Amino acid sequence: MHQAITRVPFVCLLAWAALAGLVGCNPAPRSADAVQDPADLWSIRGPATLPRGDVKLRTITVEVVTKSYQSGNARQAAFVIPHPVILAAGAAGVGLKTFEMTDREASDIASAAAYGVLDALGAAGWNAIEPSDADPLVTGFEPAGPLEREDRINLAATDTGRIREVIVVSPVAPTVWSGEASTDAAGLVEAGLVPALAVRLRVGIYQGYPSVEQGSRGLIVTQDGRTRTVSMDGSLIGTQLVATPASGGAFDVDADAMRAAIRELAAEATRGLISRAGG
């Protein structure tokens, strides 16, 4: 009985490695010091462009990844075949990396990301303004409500691995992001809340380094109701180590270093979003 139990992780790892070769791997994420143009990390859908000047920043939502399945390889498997052995390995925590942080630390990291977005907007000549006195943009970068931890079970992976848990922080309220570009356009135009911008960033830690990750998005709505969705197709990885292995897949996170690095990375990623969006 003891032998069978001790063999399972090794068998799982062998099967996982073999099947990863069958399903292929994602491209390696890009290091910030190797990216010449951050616009290359983004793709667009829709005809709208946002002119420089005043923009009504509707929301900045930040997903802080706290658990993800990561291999030690430069490229992560793109997909996990739903074979019982592979699923059992995942359930047992094989490959799972946990980045421990309190709600307060996650909120502070999200705030740093939000300020990074504003840094980039200001540098590009976009002024993030309050839509109206009756519809205030923000009361500081405090969460709009209780923090939400989302448990995710994904078979597909990004270039930084397979997400297991995120903390969702919406430091800017009210939120109009819905995931689809057309959903709120008519209402925003009717209310005079255009041109508008919504940003949803996914930030995390990849092999100990800070990351703004694939899956981040931006939404633009112009005065005439045209929309453009901008999606981050490749992750941006910082160069400063912010987390070190502890035990059992857990990592100790340097919260101060993480905040500073994420603000800088979020600004760089947003510069790419602005450029790709035609600003």
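General observations
- The set of residues in region 235-252 that are surrounded by fewer than 22 Cβ atoms within 10 Å (Cβ to Cβ) and not charged (D, E, K, R) comprises Thr239, Gln240, Leu241, Thr244, Pro245, Ala246, Ser247, Gly248, Gly249, Ala250, Phe251.
- Residue in region 32-58 that is surrounded by the most Cβ atoms within 10 Å (Cβ to Cβ), counting only those that are β-branched (Val, Ile, Thr) and at pLDDT below 75: Val55
- Any pair with Cβ under 9 angstrom, 6 or more apart, that starts in region 240-265 at a residue that is at positive phi and ends at one that is surrounded by 17 or more Cβ atoms within 10 Å (Cβ to Cβ) and in a helix (DSSP H, G or I): none
Each row is one residue, and each column tells you yes or no for (1) under 21 Å from Gly238 (Cβ atoms); (2) in a strand (DSSP E or B); (3) at pLDDT 60 or above.
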residue	(1), (2), (3)
Ala74	yes, no, yes
Pro82	no, no, no
Ile86	no, no, no
Ser107	yes, no, yes
Ala110	yes, no, yes
Ala120	yes, no, yes
Asn127	no, yes, yes
Asp135	no, no, no
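- Residues considered: Ala277, Ala267, Ala255. Of these, the only one that is more than 22 Å from Ile163 (Cβ to Cβ) and touching an Asp or Glu at 6+ places or on another chain (Cβ under 6 Å) is Ala267.
- No other residue among Ala277, Ala266 is under 19 Å from Ala198 (Cβ atoms) and crowded, with 24+ Cβ neighbours inside 10 Å apart from Ala266.
- Residue in region 59-72 that is modelled with the highest pLDDT, counting only those that are part of a loop (DSSP other than H, G, I, E, B) and surrounded by 14 or more Cβ atoms within 10 Å (Cβ to Cβ): Gln70
The values are calculated or read from the model by the stated rules, or taken from the named source; none is laboratory data. Because the structure is a prediction, the values reported are computed rather than measured. Virtual Cβ from ideal backbone geometry, glycine too; neighbours counted across all protein chains shown.
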